[in-house]
Structure formats: structure tokens, C-alpha cells
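Right, one structure below, let's go through it.
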Amino acid sequence: MGRPSQKLIFALALIVAIAGTFVFGFRAGRHARRIHWQNEPIHAWMSVPFVAHTHHVRPEVLYQAIGLPPRQPDHRPLRRIAREEKRPVADLIRALESAIANAPKGP
Amino acid sequence: MREQILAALSQYGSPALFAVVMIAAIGVPLPITLLLIVTGSLISQGVMNFWWAIGLATAGSVIGDQIGYAIGRWGGSELVDRFTRLLGGPERLEKAQSTARRWGGPGIFFSRWLVTPLGPWVNLASGLAGYPWMRFLVWDAIGELLGTLIFVGLGKVFSDRVLALDAMLSDLTWAIVALLAAVFLGWKFFSSAWTKQADDGG
């Protein structure tokens, strides 16, 4: 590290690394604080029982909301259910969100 | 890609887990931390068996890591030549090999679970530097088992908060990577400055 240009690159890399430590550390702390109260968003990869578990509602309530009979075990992702039912997956997610908002909280 | 992988895990369970962790360990960037956390959540819901999942995920990762190591070790002279040029010549390669033998074990171990983004690079570099295969396998298997237990265990405990947990762990991992880079660069920068000062003084 003899040349001034090399020193400058090293110093810049050091500053970026220090900044990265603080930025990512701050973001990790913010996520940690939110972990207890922020509801999980619903994604197309989730199954109905998975959504029921993460939102503490009974699976039957969610099946009713999307107009399907309860099924156990049901590992089908919402994307596959939407394809089978010929409905947009966004519609299913909206119906589930609405049912969760109005449902009594389960275990 | 993330949606498809998690949908496959939800639908097919253990075989999907095994295949995805193996491919990721070779070096394909896939959301493995989230996959393991979701596995923990599925275990907590009674969908998957804990020890079966731990065994398959660890085995898949170790096999993928061995493939990465083998590419580095026996990937052909062109790859070795390129690596030698990148390091700055055969003397530097010999120095890197001796450093890898001395510090390779902890490097392999910590890149399995603490600084996971570095994992595939460490596999390749270990192979290129000629790190002994049996020692690589032992450090790798212990590290992967620990990593799998940590992430699946966290997913089991926080089974209803998988996405928030993944976001937190992802940022925490990058914070650790940045901190290690800062410590390394700071040490290099200041040790060089002190050496120069001593030379000038003496």
C-alpha cells in the first residue's frame, strides 16, 4: 500500500465498510423491534394452514372466506389453489386478508 | 425465484429442501436462510419432522459444499492459473495455501452459519488453495449442522414471524460481513501507516 492512490482506495473501502456496519446494524435492530407486532404479509407461496398459523386464526375461517371446503392436510400454495379455481391469486389474498381482519383470534 | 422455491417447499417438503440447499451450497444465490426458517415453521405446525429436516438440510449443504470444493481443487489448470494470476504469482499462491492451512478451519466453520454469503467462495478458495479435503469435510459438516440447527430452530420458535425474522437475520449477516471487512481494512491501513512511520523514524 505504497502509492497515494492505493491508500485512497483503502481509506474509501474502510469508510464504506464502517458505514455498511452501521446501516445494516440499524436495519437489523429496526426489524427486531417490529418482529413482535408487525403482521406477516400473505404471499402466493403460502398454504392456507400456513397463513392460518402465522395470523392465529382457524383454517376453517380462511377456507370459508375463499369459498372452499376445509382440507387437512393441505400443502397447496395459494398460487396453485388460484390456478385450480381459475381465480387471480390477488383475489384470494384479498379475501384472506379481509377474513383475518374480521376473524376472532385463535391459538 | 423466491416464490417458486418456497412454494416447492410448502408442497413437496423434505425433497425440495434437500435439492435447494444443495444447489445453493454450490454457489447459486438462493434464499436459504428464509427456506430454513420456513422449514422450522412447518415443523412447528407438524408438517415436517425436525430431525429428518435437519439431517436432509445438513446433508444437502455438505454435498453442495463438496462440489464447490472439488471445482476449486480439480477444476482444471486454467482455473488454477487464473487464481494464481489474481493473487499475483506462484509465490503468493504458496503463501495463500499456507494461510489457508493455518486459518482455513475457522474460516470454513464460520462461513457456514455466521457469514453465510461467503460460504460458496470459501469452498472454491479452499479447493484452489489445496486445503486438505478431510479437514474441509469435518469443519464443513460441523458448521453446516450448527447453521441448520440455528436457522431451523429460530424458525420453529418464531414460527408465525418468518418473514420479519428473515429480514432481521439478513441485515444482521451483512452487518457482520461489513464489520469484518472494516476490521480487516482498518488493520491493514493502520499497520501499513505505522510501518511507514517506523521506517521513516528509524
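Structure notes:
- Whole-angstrom gap from region B:23-51 to region A:45-107, using each part's C-alpha centre: 22 Å
- Average other protein chain Cβ within 10 Å of Cβ, residues A:19-32: 6
- Burial ordering of A:Ile100, A:Ile9, B:Ile108, fewest other beta-carbon atoms within 10 Å first: A:Ile9, A:Ile100, B:Ile108
- Whole-percent P(r), region A:48-102, all Cα pairs, 10 Å bins from 0: 26, 64, 10.
- The orientation-averaged shadow of the Cα convex hull for the protein assembly as shown, equal to a quarter of the hull surface, comes to 19.6 nm².
- 16 Å Cα-Cα reach of B:Lys188 towards aspartates and glutamates, excluding residues that sit fewer than 8 places from it in its own chain: none
- Summed side-chain charge close to B:Ala25 - residues other than B:Ala25 whose Cβ falls under 10 Å, Lys, Arg +1, Asp, Glu -1: -2
- The mean sequence separation of alpha-carbon pairs under 8 Å and at least six residues apart, normalised by the residue count of chain B, gives a relative contact order of 28 percent.
Here, each number is a calculation from the coordinates, and none is a lab measurement. Since the structure is predicted, the reported quantities are computational estimates derived from the model, not experimental observations. Backbone-built Cβ (ideal geometry, glycine too); neighbour counts: all protein chains shown.
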